[in-house]
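Before we start, here is the structure in question, set down as structure tokens.
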Amino acid sequence: MNKCNQYLRLTQLAGFRMKVVETGAAGHAKNLASTVDLGTCPDGIICVGGDGIVNEVLNGLLSRVDTNGKNLPPIGIVPAGSDNSLAWSVLGVRDPIPAALSIVKGGSTAVDVFACNWPQAGVTHFGVTASYFGFLGDVLELSEKYRVQFGPLRYFIAGVLKFLSLPEYSFELEYLPSTAKKSEEDNVLEDKGKFGTLDQSDDFSLEQVKELNPDLETKWVRRKGRYLGILVCNHSCKTAQSLSSEVVAPKAEHDDNSLDLILVHGSGRMRLLRFFVDLQFGQHLSLPFVEYVKVKSVKIKPIGNTHNGCGIDGELLRLDGQVVCSLLPEKFVLLGCNPRDCK
């Protein structure tokens with residue numbers, strides 16, 4: 001609570017009036033956000049923690065029947081968690097006091113939201129940073145065993161352990177390119193040659209699926225094969241787990257009305273190690289087995305013996321069947337000014 005007390009003193013000096021509630025367990029913040037009288041917090045809800053608590057509050061607000069997902073209070077972040085990618089990527093702050101000052105100074109930033117829906121289970125979960133499948137999903141699940149003992153270091157420990165016992169991951173996926181037009185048909189076909197010749201063990205195939213919208217002439221692209229990882233990013237995704245300030249999705253913006261899909265094709269420890277090493281230097285997108293596409297929506301289904309774990313903003317969900325990730329433009333308002341818009 002030390003960081004929270006520092007923030008409280010700062011906001012009190014600025015004339016803010018606040019009610020402080022300390023969460024006691026996973027899901028507590030979501031329950032509070034889904035039941036709180038919104039008339040008591042018209043200026044916003046401040047989260048002291050990491051991306052996980054922001055995700056809980058967002059899902060609690062969007063689950064309310066009295067708002068129908070509209071006119072939601074803005075959310076502020078005082079980063080104090082294991083990973084604080086949202087505040088760092090969107091507001092340019094990674095420490096509690098600069099983040100608090102950003103809130104006190106005023107201003108707000110509209111941020112896209114994505115919804116992950118499992119039609120078979122009838123479950124929808126919202127996110128603002130990223131959803132991920134494959135190796136990263138397994139690391140997130142394993143890291144929970146070491147939360148109490150190792151804190152933020154648990155991700156590194158879980159990553160090493162999972163790397164040493166690395167399974168193969170296979171998925172079926174479809175994605176809708178955000179700028180797909182009929183004239184791009186040749187580019188889609190070229191992807192097959194680029195990734196289909198990596199090596200025979202990839203078991204990679206590409207099939208173009210034409211589900212044309214008569215107005216937009218958009219089409220879905222279907223993939224099936226082995227992937228070390230699938231990431232669906234909503235912003236650039238700087239992360240405290242990285243050794244440098246490089247970003248996962250350099251072409252992504254928090255309000256660009258699209259999601260950024262990163263596919264790490266294939267299997268094997270050496271390929272995975274090369275990806276993470278190059279990520280530290282911002283060179284991961286130049287790897288021949290990494291594909292980067294801006295999309296409107298993506299459908300992902302684990303096949304074979306692949307685990308069904310899905311990480312969303314640091315929260316783990318395990319549900320059977322296909323998951324559909326879709327964009328909700330500027331559904332979320334973040335307290336604080338994005339450096340791009342601050343003059």
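The values are calculated or read from the model by the stated rules, or taken from the named source; none is laboratory data. Keep in mind the model is a prediction, meaning the values are calculated, not measured. Quick reminder, even Gly has a Cβ in these numbers, built from the backbone with ideal geometry, and neighbours come from all protein chains shown.
Which residue is surrounded by the fewest Cβ atoms within 10 Å (Cβ to Cβ), if the candidates are limited to the range 125-166 and must be under 16 Å from G314 (Cα atoms) and of a type in the set (S, T, Y)?
Y146
Something else: Any residue at all in the range 285-294 that is closer than 30 Å to S102 by Cβ and crowded, with 18+ Cβ neighbours inside 10 Å?
Within the range 285-294 (the criterion being closer than 30 Å to S102 by Cβ and crowded, with 18+ Cβ neighbours inside 10 Å), the answer is yes, since at least one residue qualifies.
Does P42 qualify as being in contact with a strand residue (DSSP E or B) (Cβ under 8 Å, 6 or more places away or on another chain), in a loop (DSSP other than H, G, I, E, B) and not assigned by TED's automatic domain parsing to the domain that holds H254?
no
Yes/no matrix, rows are residues, columns are (1) among the aliphatic types (A, V, I, L, M); (2) in the same structural domain as G134 (by TED's automatic domain parsing); (3) without any contact (Cβ under 8 Å) to a residue 60 or more places away in the chain; (4) under 18 Å from V57 (Cα atoms):
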residue	(1), (2), (3), (4)
H307	no, yes, no, no
G314	no, yes, no, yes
R318	no, yes, no, no
N338	no, no, no, no
C342	no, no, no, no
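Every residue, every condition in (1) touching a residue at least 24 places away in the same chain (Cβ under 8 Å); (2) over 30 Å from I157 (Cα atoms); (3) in contact with a His (Cβ under 8 Å, 6 or more places away or on another chain); (4) in the same structural domain as P302 (by TED's automatic domain parsing), yes or no:
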residue	(1), (2), (3), (4)
G24	no, no, no, no
G27	yes, no, no, no
N31	yes, yes, no, no
V36	no, yes, no, no
V90	yes, no, yes, no
I103	yes, yes, no, no
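Still on this model: Report the residue count in the range 95-114 for those that are surrounded by fewer than 18 Cβ atoms within 10 Å (Cβ to Cβ) and closer than 17 Å to A130 by Cβ.
Step one: of the range 95-114, the residues surrounded by fewer than 18 Cβ atoms within 10 Å (Cβ to Cβ) are 95, 97-98, 101, 104-108, 110.
Filter again for closer than 17 Å to A130 by Cβ, leaving none.
Matching residues across the range 95-114 total 0.
Kindly state which strands (runs of 3 or more DSSP E) lie completely within the range 100-210 and contain at least 3 residues that are at pLDDT below 90. Even if it seems obvious, please write down each step before you answer.
Numbers: elements: 108-118, 123-127, 130-134, 170-177, 205-209.
Correct list: 205-209.
Look through G60, G24 and report the one residue that is under 30 Å from Y146 (Cα atoms) and modelled with pLDDT of 90 or more.
Details: G24 fails: modelled with pLDDT of 90 or more.
Just a single option satisfies the conditions, and that option is G60.
Here's another thing I want to ask about it. Being surrounded by 14 or more Cβ atoms within 10 Å (Cβ to Cβ), more than 26 Å from the chain's Cα centre (by Cα), of a type in the set (A, V, I, L, M, F, W, C) and modelled with pLDDT under 90, is that true of even one residue in the range 5-13?
Yes, the range 5-13 contains at least one residue that is surrounded by 14 or more Cβ atoms within 10 Å (Cβ to Cβ), more than 26 Å from the chain's Cα centre (by Cα), of a type in the set (A, V, I, L, M, F, W, C) and modelled with pLDDT under 90.
How many residues are at pLDDT 95 or above and either acidic (D, E) or not in a loop (DSSP other than H, G, I, E, B) (or both) if we restrict to the range 249-269?
8
Would you confirm, using the coordinates I've provided, whether L287 is modelled with pLDDT of 95 or more and farther than 26 Å from A121 by Cβ? Walk me through how you get there before you give the answer.
On the way: modelled with pLDDT of 95 or more: yes; farther than 26 Å from A121 by Cβ: yes.
Yes; evaluated as a whole, the condition is true for this residue.
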